[in-house]
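Written out below as structure tokens is the structure these notes cover.
The values are calculated or read from the model by the stated rules, or taken from the named source; none is laboratory data. Note that the coordinates shown come from a computational prediction; the quantities given were computed from them, not determined experimentally. In this analysis, Cβ positions are derived from the backbone assuming ideal geometry, glycine residues included, and neighbour counts consider all displayed protein chains. Side chains included, ligands, DNA and RNA excluded: accessible areas come from the protein's heavy atoms. Shrake-Rupley method; radii C 1.70, N 1.55, O 1.52, S 1.80 Å.
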Amino acid sequence: MKKIIGFILSLLIVIIGCNNHSEKRMKDTSFIIKGSNWDKFEGDVIEIVVRDTVVGGTKIIAKPIIKDGKFTCTGSIQHPQNAIFSLRSQQGDFKYCKGDFILEAGEIHLDYNPDISKATISGGKYNEIVLNKVFNDPEYLAKKKAIKEYSATMTQEDYYKDRAKHKKYLELNRSFCFTMLEKFDSIRYNHPDPYARLLAISHSNTRVSYESELETLEKELGTVPEIVILRESAKKIELFMRNQQKVGVGKSIKDFSAKDINGVEFHLSDVLKENKYVLVEFWASWCSPCRAEIPYMKKAYEKYKNRGFEIVSFTLDHEKHRWEKATKEEGIPWINVGDMLAYKSPVVKMYGVMGVPTNYLVDKSGTIIAFKLRREELDQKLEELLAK
């Protein structure tokens with residue numbers, strides 16, 4: 001009898017222990033994100049977002065305010081997800097320091113490092129075995145340093161006018177990108193942890209089909225958010241690439257209509273009828289390279305607007321107040337439209353726009369005669385066309 005009672009007690013202890021472990025696993029979804037050394041950004045906001053399938057492609061998780069150079073935010077997450085952090089003003093304007101990290105249960109630190117003008121990431125199992133495994137790799141760091149040192153020897157004009165320097169820069173950048181992708185590929189294909197393999201895909205070569213990988217991972221992990229997001233991204237890339245092939249030099253521009261900030265509707269076909277040449281420009285308020293192009297576009301617009309030239313900008317913003325603010329700050333004088341659907345916009349999908357800035361120069365007949373004209377290239381092309 002004593003043996004039976006002892007066995008029952010032992011069994012109860014095991015069961016209770018298992019239940020405790022189960023409860024611990026169930027509760028082990030909370031995270032805390034801390035940041036320090038952000039003193040120079042006092043009062044600004046660190047916006048934490050995860051990639052999602054909603055309009056804009058991201059979902060805000062937290063927006064802690066920096067106080068005394070620090071911030072803290074807490075929450076819970078069922079499954080690790082690739083995430084992004086960015087520094088913004090309290091009005092929501094992007095200011096500085098955007099980076100990737102993995103949002104997961106546990107304590108994560110995003111500490112500002114003035115030596116690299118970015119934040120360092122520490123804490124969290126997957127931040128260490130996926131991101132920091134690559135970002136702290138000696139070969140990766142050496143190639144990143146080589147680009148930085150070479151870039152320091154170049155002026156802005158060198159990027160566009162000095163072909164030898166520009167070629168060297170591109171070679172260094174290609175080598176760096178190849179090394180980074182190679183490191184993430186190694187995790188993607190070889191790591192024993194299925195979550196590590198899954199989280200590495202977004203940082204790896206996503207032009208390579210990954211559906212078979214997702215099927216395997218789904219059997220191990222279930223249909224977790226990261227798998228849903230990757231499948232959605234794959235569909236989007238496939239659609240955009242198909243549409244992109246239909247829009248190129250020598251082909252007819254696709255007509256569209258959209259409203260400007262004041263709600264006035266414009267049809268591209270109407271604008272073409274009234275002008276000899278039209279530049280169709282895709283941009284966004286959050287896109288620094290886009291905004292860097294605006295002074296060059298304004299110069300060309302002022303010079304040729306009375307000689308049959310017009311610009312139609314289409315924004316990939318999804319928040320109207322940011323579009324309005326950027327428009328006012330840049331003093332955009334041409335037709336400036338959008339539908340606040342970002343990459344989910346039917347117009348953006350129709351043109352296969354996968355990144356901004358992107359533009360097409362179109363003649364009166366609707367034929368595309370040039371693609372991705374940058375800086376002085378726009379002025380030079382218009383001089384060639386309208387000097388007659």
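Computing the accessible area with a 1.4 Å probe over protein heavy atoms, can you report the carbon and sulfur percentage for the range 203-279?
Ligands and nucleic acids excluded, carbon and sulfur reach 48 percent.
I want the local charge near Trp38. Using Cβ-Cβ distances under 15 Å, sum +1 for each Lys or Arg and -1 for each Asp or Glu among the other residues.
Spelling it out: positives minus negatives among the neighbours equals +2.
Before anything else, pin down the relative contact order of the chain: Cα pairs under 8 Å, at least 6 apart, normalised by residue count, whole percent. Walk me through the intermediate numbers first.
Values: 608 pairs, mean separation 47.9, N = 388.
Reported relative contact order: 12 percent.
Need one number for the range 50-162: average projected area of the convex hull over its C-alpha atoms, nm².
9.9
Take the alpha-carbon centre of the range 26-51, take the same for the range 122-176, and report the distance between them in whole Å.
26
Mean residue ellipticity at 222 nm from the helices of the chain, using -39,500 (n - 2.57) per DSSP H segment of n ≥ 4 over the full residue count, to the nearest 500 deg cm²/dmol?
Theoretical 222 nm ellipticity from helices: -13500 deg cm²/dmol.
Take the chain, connect every pair of alpha-carbon atoms lying under 10 Å apart with a spring to form a Gaussian network, then pick out the residue of Arg231, Arg322, Arg163 with the largest mean-square fluctuation.
Maximum fluctuation in the GNM of the chain, among the listed residues, is at Arg163.
Give the Rg (one decimal place) followed by the Dmax (whole number) of the range 283-340, computed from C-alpha coordinates and expressed in Å.
11.4, 34
Could you report the range 277-384's accessible area per residue, 1.4 Å probe, as an integer in Å²?
Details: 4300 Å² over 108 residues.
Each residue of the range 277-384 exposes 40 Å² on average to a 1.4 Å probe.
Tell me which of Phe85, Leu361, Asn336 sits at the most positive position along the dipole axis of the chain, charges placed on C-beta atoms (Lys, Arg +1; Asp, Glu -1).
My answer, from the dipole projection, is Leu361.
Can you grab the distance from the C-alpha centre of the range 205-249 to the C-alpha centre of the range 279-343, Å, no decimals?
Comparing the Cα centres of the range 205-249 and the range 279-343, I get a distance of 30 Å.
Show the residues, 5+ positions off or on another chain, whose built amide H is closer than 5 Å to the amide H of Ile253.
Here the answer is Thr367, Ile368, since their amide H atoms fall under 5 Å of that of Ile253.
So if each residue of separation counts as 0.36 nm, and I subtract the Cα-Cα distance between His321 and Glu265, what length gain in nm does that give?
This chain segment gains 18.3 nm when fully extended.
Going by amide H atoms built from the backbone, whose H comes under 5 Å of the H on Gly75, apart from near neighbours?
Here Phe31 satisfy the definition.
Nearest 5 is fine: what % of DSSP beta bridges in the chain come out antiparallel, could you say?
75
Mind checking the log10 I(q)/I(0) for the range 83-139 at q = 0.16, 0.21 Å⁻¹? Debye, one equal scatterer per Cα, no solvent, two decimals.
Each listed q maps to, in turn, -0.54, -0.85.
Mind giving me the FRET efficiency for Ser186 and Lys236? R0 is 25 Å, r the Cβ-Cβ distance, nearest 0.05 is fine.
Details: r = 26 Å, r/R0 = 1.05.
Working from the Cβ atoms, E equals 0.45.
With angles folded into 0 to 90 degrees, how steeply does helix 211-221 sit against the dominant principal axis of the chain? Use alpha carbons for both and round to 10.
Orientation of helix 211-221: about 30 degrees from the principal axis.
If you line up the Cα atoms of the range 263-388 on their principal axes, what length do they span on each, largest first, in Å?
42, 26, 26 Å, listed from the longest principal axis down.
Can you work out ³J(HN,Hα) from phi for every residue in the range 67-79, in order, using Karplus 6.51 cos²θ - 1.76 cosθ + 1.60 and θ = phi - 60°, giving whole Hz and x for Gly and Pro?
Once θ is set to phi - 60°, the couplings for the range 67-79 become 9, 6, x, 10, 8, 8, 9, 10, x, 9, 9, 6, 9 Hz.
With θ taken as phi - 60° and the coefficients 6.51, -1.76 and 1.60, list the Karplus ³J(HN,Hα) couplings across the range 331-343 in order, rounded to whole Hz; mark glycine and proline as x.
x, 5, x, 9, 5, 9, 10, x, 10, 6, 10, 6, 6
Kirkwood Rh and Cα-based Rg: tell me the resulting Rg over Rh for the range 154-266, rounded to two decimals.
Taking Rg over the Kirkwood Rh, I get 1.13.
Mind giving me the FRET efficiency for Glu42 and Lys118? R0 is 22 Å, r the Cβ-Cβ distance, nearest 0.05 is fine.
0.75
If the viscosity is 0.692 mPa s and the temperature 37 °C, what translational diffusion coefficient in µm²/s does Stokes-Einstein give for the range 87-242 when Rh comes from Kirkwood over Cα pairs?
The calculation lands on 183 µm²/s.
Which is farthest toward the positive dipole end of the chain among Ser209, Cys73, His166, measuring Cα position about the Cα centre, with Cβ charges +1 (Lys, Arg) and -1 (Asp, Glu)?
Most positive-ward Cα: Ser209.
To test your reading of the geometry: what angle, between 0 and 90 degrees and rounded to tens, separates the Cα axis of helix 225-244 from the longest principal axis of the chain?
Relative to the chain, helix 225-244 is tipped by roughly 20 degrees.
In degrees between 0 and 90, to the nearest 10, how far off the longest principal axis of the chain does helix 320-330 point, with axes built from Cα atoms?
50
If the range 195-320 were replaced by its equivalent ellipsoid, with semi-axes equal to the square roots of 5 times the Cα gyration tensor eigenvalues, what would those be, largest first, whole Å? Walk me through the numbers on the way to the answer.
Values: eigenvalues 321, 53, 41 Å².
Result for the range 195-320: semi-axes of 40, 16, 14 Å.
Which three semi-axes in whole Å describe the equivalent ellipsoid of the chain, each the square root of 5 times a Cα gyration tensor eigenvalue, listed largest first?
47, 24, 22
Just Asp68, Asp111, Asp44 to compare: in a GNM of the chain, with alpha carbon springs under 10 Å, which one fluctuates most?
Comparing Asp68, Asp111, Asp44 in the GNM, the peak value goes to Asp68.
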